[in-house]
Amino acid sequence: DSGVTQTPKHLITATGQRVTLRCSPRSGDLSVYWYQQSLDQGLQFLIQYYNGEERAKGNILERFSAQQFPDLHSELNLSSLELGDSALYFCASSLRVGIGANVLTFGAGSRLTVL
Amino acid sequence: TQLLEQSPQFLSIQEGENLTVYCNSSSVFSSLQWYRQEPGEGPVLLVTVVTGGEVKKLKRLTFQFGDARKDSSLHITAAQPGDTGLYLCAGSSGSARQLTFGSGTQLTVLP
């Protein structure tokens, strides 16, 4: 158990639908990152939050949004889902802003299947 | 966009063999990390290297950061079935707030 909790573990839905993925960071970590992992694209950075504020944006589609709440948990909202959105979505947390020599702890991921 | 290319993409070897995985880029990184990911799990950090030419050892795993901080290698001695997994390198630089991950090397060690 890495200390980063992601729910749900598996999710199957239809095209056009909307889903919410949830992440609770490791205790004491203030920064949350969302990554998408697919077979053809590898691990792609989506977005980062630090203590409730957005700090960096990667290849996140406009149909996707995220937020970090005062209790530091984060949610990733995926809307108007397409077949190509099927992937593993990982949340990671770290203590300090920035990467450098910092340690990124990943959750076990949420597997999204869009039919 | 900073790209990290890993090679080989797939590697299947027998238990006891040695292997080397490479991570290359045209960009300079301030630090580089190696992760291992097993099925159904998220990546787990193995090591971080920050100094050009740095070598770090973790039991049978040896990690090296290139002198120019553009590449890295992971060498495994006497591989064991427990080493099976997806090995990912990830780099960060002062201009980027997020880690850039390589495409990964899927290693299978057969008993």
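The values are calculated or read from the model by the stated rules, or taken from the named source; none is laboratory data. This structure is a prediction, so every number in the text was calculated from the model and none was measured. Glycine gets a Cβ as well: all are built from the backbone with ideal geometry, and neighbour counts include every protein chain shown.
Below are the figures for this structure:
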item: Test result for B:Thr48, in contact with a His (Cβ under 7 Å, 6 or more places away or on another chain) and either surrounded by 13 or more Cβ atoms within 10 Å (Cβ to Cβ) or more than 17 Å from B:Thr105 (Cβ to Cβ) (or both); result: no
item: Some residue of the range A:82-93 being among the aromatic types (Phe, Trp, Tyr), at pLDDT 95 or above and surrounded by 18 or more Cβ atoms within 10 Å (Cβ to Cβ); result: yes
item: Those residues of the range B:4-28 which are at pLDDT below 95, within 14 Å of the chain's Cα centre (by Cα) and hydrophobic (A, V, I, L, M, F, W, C), in sequence order; result: B:Leu4
item: Among the residues listed as A:Leu76, A:Leu43, the single one being within 25 Å of B:Gly40 (Cβ to Cβ), assigned to a strand (DSSP E or B), at the interface with chain B (Cβ under 9 Å from one of its Cβ atoms) and aliphatic (A, V, I, L, M); result: A:Leu43
item: A:Gln68 being over 26 Å from B:Leu3 (Cβ atoms), away from every other protein chain (no Cβ under 14 Å), surrounded by 21 or more Cβ atoms within 10 Å (Cβ to Cβ) and out of contact with any Pro (no Cβ under 7 Å at 6 or more places or on another chain); result: yes
item: Residues of the range B:77-111 satisfying the condition of being in a strand (DSSP E or B), within 16 Å of B:Gln37 (Cα to Cα) and more than 14 Å from chain A (Cβ to nearest Cβ); result: B:Leu107, B:Thr108, B:Val109
item: Yes/no for A:His10 being under 12 Å from the mean Cα position of the chain (by Cα) and either in contact (Cβ under 8 Å) with a residue 40 or more places away in the chain or away from chain B (no Cβ under 14 Å) (or both); result: no
item: Residue list for the range B:59-76, filter: buried (at least 16 other Cβ atoms within 10 Å of the Cβ) and either part of a loop (DSSP other than H, G, I, E, B) or of a type in the set (Lys, Arg) (or both); result: B:Gly66, B:Arg69, B:Lys70
